[in-house]
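Data first, discussion second: the structure below is written as structure tokens.
The values are calculated or read from the model by the stated rules, or taken from the named source; none is laboratory data. Predicted, not measured: the structure shown is a model, and the values here were computed from it. Every residue, glycine as well, gets a Cβ built from its backbone with ideal geometry; the counts of neighbours run over all protein chains shown.
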Amino acid sequence: MKDRKFDLETELRTGRSAPRAEFAQALVDEVRSSGPARSPLGRLGLALALSGLIVVALASFGGIGYASSSASHAAKKPAKQHVRVVKTSAAHAQYAPFTPPAKPKAPFTPPSQPTGGAAGTGSTSAPFTPPAAPQVKSAELPFTGLALWVPLAFGLAIVSIGLVLRTRGRRRDATL
Amino acid sequence: MRSLFASDPLANPEPLIRRVYAFAAYRLGDGPDAEDVTSEVFERALRYRDSYDRSKGEPVAWLLGIARSCTSAALAARANNPATVHDSPEIGTPGFEDDSVRRLSLAPALAQLAERDQELVALRFGADLTAAQMAQILVSKTNTVEVALHRALARLRSILESEGEHEQSAADPRKPSARAGSPEHA
């Protein structure tokens, strides 16, 4: 029985069919003529090379310096605009020296409604309350005033779409 | 990260073609059908060559996964349209010579096995896969595959033995129950 088992397995193994030589050669030629597979590493290299090329092109025309100065300007401009300390003004000359309010979070009093009398009447005036500087929201982009979450959401959406497409592509390959 | 360094799965196509063809021939019979399936497998492999991931298996396992799908489609088409079934590819087809009477008796015996058993035999003895590789393709455990293959071979052996008895009884009507020697080598 042992010999019979060995014979059957050997017969099955040695009795396997082989393709015709012409057919096999034609298929080999077709596979070889299609060229080697593109490696994912090659794609990464191509992406890096293109990025490097863009950086070099920008650097050679001064683009990096221009971008850097623009960025620093964009960062400084809001500070110049909104952190303004008015030391001399008509109001400062006419009214009593500015004394900061006791409560820093006091409700805003519009400057157009002074509690004292008209100028030159000699009456005592209430402490000057400077106009509130417009609040700079840290979640806004400079110049455009676009909310920061908009480009962030856009970027996340693009990354999510890419991941979904990649996953679907892999599933399709797996179900070949 | 390993997939970044994946090598070309079709860098050495000759042995892969032989193994895929042998698998297809075990399932469909030696001849044009097996050649069609082999061509289709490599056509698909070329199309999806870039998506091959070595971490998921060897190139032969990847190709045989494709071959299983193509073979199932070919068998379904054959079942739907029996008129297109090629008549006995071993006979009269140039280049497909049969070496022995024994091999001729194996094909009908294999055809009597269940689909699952035929596939196991084709993967093991046609594509020359190990039990672990078969388990990977069939999404099963290695032990399960080994046991299933053992049972399939036992069934094949019993079919061959019963056929041998029939042939002997036909040759010598006076001894209907004679079982001399190995029935496989009848």
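Pairs are defined by a Cβ separation below 9 Å, a sequence spacing of at least 6 or placement on different chains, a first member in segment B:103-132 that is within 24 Å of B:GLU14 (Cα to Cα), and a second member that is aliphatic (A, V, I, L, M) and not in a helix (DSSP H, G or I); the pairs so defined are B:LEU120/B:LEU113; B:VAL121/B:LEU113; B:LEU123/B:LEU129. Of all residues in segment A:10-29, those satisfying the criterion of being at the interface with chain B (Cβ under 7 Å from one of its Cβ atoms) and part of a helix (DSSP H, G or I) are A:GLU11, A:LEU12, A:ARG13, A:PHE23, A:ALA24, A:LEU27, A:VAL28. Scanning segment B:39-51 for residues that are in contact with a helix residue (DSSP H, G or I) (Cβ under 7 Å, 6 or more places away or on another chain) and more than 7 Å from chain A (Cβ to nearest Cβ) yields a count of 3.
Among the residues of segment A:12-29 satisfying the criterion of being buried (at least 19 other Cβ atoms within 10 Å of the Cβ) and among the hydrophobic types (A, V, I, L, M, F, W, C), which is farthest from B:LEU153 (Cα to Cα)? Out of the qualifying residues, it is A:LEU27. Checked against the criterion of being surrounded by fewer than 12 Cβ atoms within 10 Å (Cβ to Cβ), at pLDDT below 85, closer than 30 Å to B:ARG47 by Cα and under 47 Å from the mean Cα position of the chain (by Cα), the candidates A:GLY65, A:GLY35 yield just one match: A:GLY35.
Close Cβ contacts (under 9 Å, 6 or more residues apart or on different chains) running from residues in segment A:158-170 that are hydroxyl-bearing (Ser, Thr, Tyr) to residues that are modelled with pLDDT of 90 or more and assigned to a helix (DSSP H, G or I) are absent. Going by what's in this entry, would A:LYS80 be described as closer than 28 Å to A:GLU140 by Cα, basic (Lys, Arg) and either assigned to a helix (DSSP H, G or I) or at pLDDT below 70 (or both)? So A:LYS80 fits the description; yes. Here's a check for you: in segment B:52-89, which residue that is crowded, with 17+ Cβ neighbours inside 10 Å and modelled with pLDDT under 85 is farthest from the other protein chains (Cβ to nearest Cβ)? The qualifying residue farthest from the other protein chains (Cβ to nearest Cβ) is B:GLY57.
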